[in-house]
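Each reported figure results from applying straightforward, stated rules to the coordinates on display, with no laboratory input. Because the structure is a prediction, the values reported are computed rather than measured. Cβ coordinates were reconstructed from backbone atoms using ideal geometry, including for glycine residues, and neighbour counts include every protein chain displayed.
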Amino acid sequence: MKTLSRKQFGYLCITPTLVIFLVFAIYPVCRTILLSFFRFRLQTGPVRTFIGLDNYIQMLSDGRFFNSLFFTLLFTVLTVAIEVILGLIFAQLMNLPFKGRGALRVVVLIPWAIPTIVSGFMWKLMVHDQYGVFNQILASLGIIDHFIPWLSQDNTARLILVLSDIWKTAPYVSLLVLAGLQTIPITLYEAAAIDGAGPIRRYFSLTLPLLKPVLATAVLFRLISSFKVYTVIVALTNGGPGYATESLTMYTMRTYFDAGNYGYGSTLATFTLFVTCLIALLFTPVIRNKIDGGKGA
Amino acid sequence: MNRETILHKTLFYLFAIFFMLTIGFPFFWQIINSFKMEKDIFALIWFPHTYTGANYVKAFTSRPLLSYLGNSFVIANFATILSLAIGSMAAYAIAKTPIKGKTPFLILVMSISLLPPIVIISPIYSIIRGLNLLNSYTGLIIVNVLFTLTVVIWFLTPYLHAVPRELEEAAEIDGASPVQTFSRIVIPLLGPGVFTVGILAFIQIWNEYLFALVLNPIKIKTVTVGLKMYESDNYMPWGTIMAAAVIIVVPLITLVLLLQKRIIGGLMSGGIKE
């Protein structure tokens with residue numbers, strides 16, 4: 001048997017991955033984009049009619065689309081902003097040289113490891129309008145004077161979704177920030193302290209700038225994953241009250257699988273792809289950095 | 001100890017306690033309610049007078065929880081092993097062999113790791129239906145491999161860069177073929193890295209909801225889809241749901257507590273390199 005060269009072996013090694021990517025990612029992405037230009041409904045059978053930009057024109061006058069886009073953007077901006085701020089604070093805390101910080105780092109993993117659907121149900125019970133502990137605690141602290149039906153009012157339902165996502169993800173962000181903090185050499189702080197910089201000054205002019213690459217990476221990944229929010233909504237509000245908490249992914253899912261409208265659903269999915277690409281473009285340096293890291297450059 | 005240190009220490013522990021309570025409370029509430037009788041849940045008593053195991057019995061008898069657990073276990077195990085096998089080969093090709101097109105390939109890996117599932121869900125549904133794999137183990141395993149594969153490749157490529165080339169060269173001088181070098185020299189060295197990223201992949205697959213819902217709506221339901229089955233339009237059996245949720249989470253929390261160092265290390269290095 002002729003032995004393979006290293007190069008041939010390399011191509012052989014990468015082939016299974018390429019096949020999976022091609023069949024289950026590249027082809028599906030192309031097909032979704034293609035179908036977004038067609039009229040294609042389950043109810044009318046397998047007939048596909050090319051209709052050009054009609055689906056996109058329909059989207060631009062679809063109130064439910066704009067409603068879901070508004071909620072998704074609101075959710076994304078609020079969760080990512082608050083998670084990054086809390087992540088910075090928690091990471092600072094976990095980096096302090098006290099006994100018990102190891103325990104903190106373990107506790108941080110619990111929300112991360114719990115499935116989103118489970119954390120959704122946990123929160124749903126906690127914020128229940130009649131027997132929710134959330135209401136009980138707030139009432140006993142005197143913050144509210146009657147139990148609030150959190151999930152049946154538009155804005156409070158949105159608030160609870162944001163809070164539950166923060167609970168689940170801010171601890172994880174804090175671990176990423178902690179990783180960044182630990183790469184900063186302690187000698188830099190000592191030098192700054194000798195120069196007379198106080199702790200706050202040191203934080204804003206030394207720590208934060210040095211954390212920038214880590215933060216940029218965390219923000220990129222968090223933005224994209226917040227923008228595809230779906231599962232937690234299924235557990236907590238199912239898009240309600242009305243359509244107040246219907247995310248773009250949820251609206252797309254319903255267009256596909258409840259309404260059987262594959263053409264228009266593909267248009268909505270293509271829009272999600274478009275927004276994701278926009279976010280990725282904003283973070284091109286981060287992505288380039290990662291790819292160079294992958295190459296070992 | 002001076003006054004300032006004491007102040008710092010007090011502040012640290014106050015923060016730490018607040019932090020732990022906030023993070024821990026929802027989990028505590030889930031566990032304590034899984035042992036309450038329904039009247040105690042409705043009455044909002046924090047610690048019930050009588051603890052009951054009835055919810056746990058009902059979790060298994062009112063829905064086929066055991067089969068949900070079995071399905072998730074099979075799917076998560078197979079998908080993890082498959083993506084480790086396929087992914088470590090790809091990472092090796094990138095890190096150690098002189099192939100062309102590494103940059104486009106890494107861009108592709110990056111794009112897929114950022115790709116929202118909703119963009120591909122409908123075509124994937126058609127493909128899996130076309131292959132007659134709806135409501136099967138295989139279909140869901142393949143789709144999960146797609147998303148964990150990118151994690152494995154990102155994690156293992158830098159890991160492999162760190163393996164000195166001399167080790168392989170020594171084997172080659174002894175007349176080993178590339179296949180032998182890979183299987184005898186590289187795979188054993190990958191051990192700890194494969195293990196860490198394997199845990200991350202397993203947790204990701206165990207927690208996956210969207211594809212499990214769409215591809216396996218009738219048979220072979222996973223735990224995440226199954227949990228939603230306890231709900232009905234006019235009645236929420238909260239005690240049972242909380243008990244089922246505890247059972248679903250136990251394997252994960254056990255993994256996390258046993259392997260915390262590795263998981264934290266894995267997540268943190270992922271954060272820097274990602």
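Here are a few things to note about the model shown:
- Tail beyond 23 Å, pair distance distribution of chain B (Cα, percent): 65 percent
- GNM flexibility winner over chain A from A:A269, A:A103, A:A259 (Cα, springs under 10 Å): A:A103
- Mean per-residue shielding of peptide B:92-98 is 6, counting Cβ atoms of other chains within 10 Å of each Cβ.
- Close amide H partners of A:F38, meaning residues 5 or more places away or on another chain with modelled amide H under 5 Å apart, are A:I51.
- Working value for segment B:58-203: equivalent-ellipsoid semi-axes of 34, 19, 13 Å, each the square root of 5 times a Cα gyration tensor eigenvalue, largest first.
- Loop-located trypsin sites (Lys or Arg not before Pro) across segment A:84-120 with a Cβ neighbour count of 16 or fewer within 10 Å are A:K99, with loop assigned by DSSP.
- Choice from B:K261, B:K36, B:K58 with maximal GNM fluctuation in chain B (Cα, 10 Å cutoff): B:K261
- At 1.002 mPa s and 20 °C, Stokes D of segment A:170-297 from Kirkwood alpha-carbon radius, µm² per second: 119 µm²/s
- Counting every alpha-carbon pair across the protein assembly as shown, the share separated by more than 36 Å comes to 39%.
- The mean number of Cβ atoms from other chains found within 10 Å of a Cβ in peptide A:130-143 is 2, as a whole number.
- Label separation (B:V74 vs B:I253): 2.8 nm, computed from points 7 Å beyond Cα along the C-beta direction.
- Among the chymotrypsin sites (Phe, Trp or Tyr not before Pro) in segment B:40-69, those placed in a DSSP loop whose Cβ has at most 13 other Cβ atoms within 10 Å are B:W46, B:Y51.
- Calculated from backbone phi, Karplus (6.51, -1.76, 1.60) coupling profile of segment B:123-132 in Hz, x at Gly/Pro: x, 5, 4, 5, 4, 5, 5, x, 7, 6
- Counting neighbouring beta carbons within 10 Å and listing from fewest to most, the residues B:S62, A:S174 come out as B:S62, A:S174.
- FRET E, pair B:K100, B:E231, Förster distance 56 Å, beta-carbon r, rounded to 0.05: 0.60
- Mean Cα-pair separation over length for segment A:173-297, i.e. relative contact order, pairs under 8 Å, 6 or more apart, %: 20 percent
- Lysines with Cα under 19 Å of B:K219, excluding same-chain neighbours fewer than 8 positions away: B:K228
- Hull shadow area, averaged, segment B:3-54 [alpha-carbon convex hull, nm²]: 4.7 nm²
- Rounded if a/c under 1.5, otherwise prolate or oblate - segment A:223-270, Cα gyration tensor axes: oblate
- Kyte-Doolittle at least 0.5, axis length at least 20 Å by Cα - qualifying DSSP helices, chain A: A:6-21, A:63-94, A:154-182, A:208-227, A:262-282
- Measuring how big segment A:87-142 is from its alpha-carbon positions, Rg and Dmax come out at 15.6, 44 Å.
- Taking one quarter of the surface of the C-alpha convex hull of segment B:88-151 gives a mean projected area of 5.2 nm².
- The orientation-averaged shadow of the Cα convex hull for chain A, equal to a quarter of the hull surface, comes to 24.6 nm².
- Across segment A:30-84, the fraction of Cα-Cα pairs farther apart than 13 Å, rounded to a whole number, is 70%.
- Cα gyration tensor shape of segment A:1-131, rounded if a/c is under 1.5, else prolate or oblate by comparing a/b with b/c: oblate
- Across segment B:55-128, counting alpha-carbon atoms alone, Rg and Dmax equal 18.9, 59 Å.
- Entries in A:K168/B:K9; A:K290/B:K96; A:K228/B:K96 that, when Cα-Cα distance is taken, lie over 24 Å: A:K168/B:K9; A:K228/B:K96
- Contact order, relative form, for segment B:70-211: 43 percent (alpha carbon pairs under 8 Å, 6 or more residues apart, mean separation divided by residue count).
- In nm, spacing of pseudo-spin labels at A:A197 and B:A43 (7 Å Cα→C-beta vector): 5.9 nm
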